[in-house]
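The values are calculated or read from the model by the stated rules, or taken from the named source; none is laboratory data. What you are looking at is a predicted structure, and each value in this text was computed from that prediction instead of being measured. So basically every Cβ, Gly included, is an ideal-geometry build from the backbone, and we count neighbours across all protein chains shown. Surface areas here come from the heavy atoms of the whole protein model, side chains and all, with no ligands, DNA or RNA. Shrake-Rupley method; radii C 1.70, N 1.55, O 1.52, S 1.80 Å.
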Amino acid sequence: FLRELDEPWIRFDLRPEHDTLPGVLRGFAEALEEAAPEARRTLASAYERNRASATAGADLALWMYQHLKGWRGAIAVDDLHVAEKDPEVVRFIVALIERTKTHIRWIISTRSAAGLPVGTWLAYGDCDLMIDERDLCFTTEEAKQAAAAFKLGVREEELRALLDLTEGWPTALSFALRTSTRSVDLRSITTMTREMIYQYLAEQVYRSLSDEEREFLEAISLLSEIDTEVMVAIGFDRARKLIADLRERVAFLYEVRPGVYRCHDLFRDFVLHQLNLEGEAATNRLRCVIAGAMERLLRPNDALRLYADAGAET
């Protein structure tokens, strides 16, 4: 997309070393070398002047604006979520966008919209609707084109099975298609794909979550629906806040009706797999805790199912 633009463009990809404001400033200044060469040379002094400020991100955005105010074009920032633990990074990006939006077009790619004033930008016509997992899901025709690009002779029913397994998620489908180059057995492809997906989610998603968030996801993996009333009853007083935070950072939760959410089957299976790694006894204890909450909420059918799954006698 960038290469086809008729205007100058800059791309900044966040890497592990860009997980703090100083790291982002260094990487961004390096990406701007041709457009704003002085930014890199003045970075150290600018950071030292503002590092102790309570509004360091916004203050440094003003410094960077001075280097960009005469430049016209597009700037793409990829993987902004790498620096999500440092809130000053998003404040820096947001403040810089606000100062340059009249002459610079911004493209932000991130798994987390936390801190980005998307609602305000939409209301004032400053941005388009976010492209989310629903837009990116592969259709059957797109999956056929991808298979053809891999030079695979996959039968349509097999391709549909892979789409069902991956739910059209591009990363997972690419795993499935790559696996298809090494095996023609659908069962083997499915097993290998699931293993790669689990490894990817463990490295890229699960590792970044807090203990409370992981415990919350493990509990909901035992439920067909995520009912906030149930989650509060089993001890997650901040259930609504946890769901809101996770929906911003993990694109696998969606609302089915007010107060009730579902987890994508693929991600739910992964979380259940992580829970099972702790052992059957731990999983059954959690089932019983949730079943007890169901009893208190007068939901006997759900409680009995969980008690039965746990092999409980009462």
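Overview of results
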| quantity | calculated |
| --- | --- |
| Matching helices (runs of 4 or more DSSP H) fully within the stretch 1-96 where at least 2 residues are exposed (fewer than 13 other Cβ atoms within 10 Å of the Cβ) | 37-50 |
| Pairs where the first residue, in the stretch 288-314, is more than 18 Å from Gly235 (Cβ to Cβ) and the second is part of a loop (DSSP other than H, G, I, E, B) and open to solvent by 80 Å² or more (accessible area, probe 1.4 Å), C-beta under 9 Å, 6+ apart | Tyr307/Glu313; Tyr307/Thr314 |
| Filter result (surrounded by fewer than 20 Cβ atoms within 10 Å (Cβ to Cβ), more than 19 Å from the chain's Cα centre (by Cα) and in contact (Cβ under 8 Å) with a residue 24 or more places away in the chain) within the stretch 165-201 | Arg178, Thr181, Leu186, Thr190 |
| Odd one out for Leu136, checked against (1) of a type in the set (A, V, I, L, M); (2) farther than 30 Å from Gly292 by Cα; (3) open to solvent by less than 30 Å² (accessible area, probe 1.4 Å) | (3) |
| Any chance Tyr254 is touching a Cys at 6+ places or on another chain (Cβ under 9 Å) and open to solvent by 30 Å² or more (accessible area, probe 1.4 Å) | yes |
| Per-region count, the stretch 202-225, residues open to solvent by 20 Å² or more (accessible area, probe 1.4 Å) and touching a strand residue (DSSP E or B) at 6+ places or on another chain (Cβ under 7 Å) | 1 |
| Residue in the stretch 97-106 that is open to solvent by 50 Å² or more (accessible area, probe 1.4 Å) and under 16 Å from Phe12 (Cα atoms) present | yes |
| Residue count for the stretch 261-309, restricted to those that are open to solvent by less than 20 Å² (accessible area, probe 1.4 Å) and in contact with a Cys (Cβ under 9 Å, 6 or more places away or on another chain) | 2 |
| Only one of Ala113, Ala146 that is within 18 Å of Arg249 (Cα to Cα) and open to solvent by less than 60 Å² (accessible area, probe 1.4 Å) | Ala113 |
| All positions within the stretch 111-139 that are acidic (Asp, Glu) and within 22 Å of Thr166 (Cβ to Cβ) | Asp132, Glu133, Asp135 |
| Filter result for Leu122 (assigned to a helix (DSSP H, G or I) and either in contact (Cβ under 8 Å) with a residue 60 or more places away in the chain or open to solvent by less than 30 Å² (accessible area, probe 1.4 Å) (or both)) | no |
